[in-house]
Amino acid sequence: MRENRRFHMALIAQCPSRWQLHFISTLYDQSERFRRLSLINLREGPNEVVEHELIMEAAFRRDEEAACELLRAHIEHSNSRVIETVFPQGTVAKEPTGSSTDQPVYPLYKKGLST
């Protein structure tokens, strides 16, 4: 688990803004508990290693566009796993037909408990 944090923080280590680094570190720490929870229900082999290798290779090539896209996809994949774990199939409501979005509506938002 520590290796994952070190990897992600190394990607942004050269950021000149201490405030941004602190903010991202805090976000990482807050999301980590949900990511760990999602690993309980991991059905497939750990794609994380492959994803990290691809991100690392793009970063070493200094291919900013590829590295950012791979990182975005990696984070999206992790977020999807977390959502599938926290909101198992059948607990996520869909917007009614004809709504402006076909995105899932999570129970807290549906009940008006969000900010």
Which whole-Hz ³J(HN,Hα) couplings does the stretch 30-36 yield from phi under the Karplus relation 6.51 cos²θ - 1.76 cosθ + 1.60, θ = phi - 60°, glycine and proline marked x? 5, 7, 4, 5, 6, 4, 4
Calc'd 3J(HN,Hα), the stretch 58-72, phi into Karplus 6.51 cos²θ - 1.76 cosθ + 1.60 (θ = phi - 60°), Hz, glycine/Pro = x, comes to 5, 5, 5, 6, 6, 8, 4, 4, 5, 4, 5, 5, 5, 5, 4
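Counting only other residues whose beta carbon sits under 15 Å from that of GLU64, what net charge do I get with K and R as +1, D and E as -1?
That sum, taken over residues with Cβ under 15 Å, equals -1.
If you count, for each residue, the other Cβ atoms within 10 Å and average over each peptide, how do 53-64, 11-22 line up from highest to lowest? Don't jump to the answer; show the numbers that get you there.
Numbers: 53-64: 13.4, 11-22: 10.5.
Most protected by this proxy first, the peptides run 53-64, 11-22.
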Give me log10 I(q)/I(0) at q = 0.16, 0.19, 0.23 Å⁻¹ for the stretch 2-90, Debye formula, one equal scatterer per alpha-carbon, no solvent. -0.71, -0.97, -1.28
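Throughout, read-outs are computed from the coordinates displayed, never taken from laboratory work. Here the structure is a predicted model, which is why all the values come from computation and not from measurement. For neighbour counting, all protein chains shown are included, and Cβ atoms are generated from backbone atoms with ideal geometry for every residue, glycine included.
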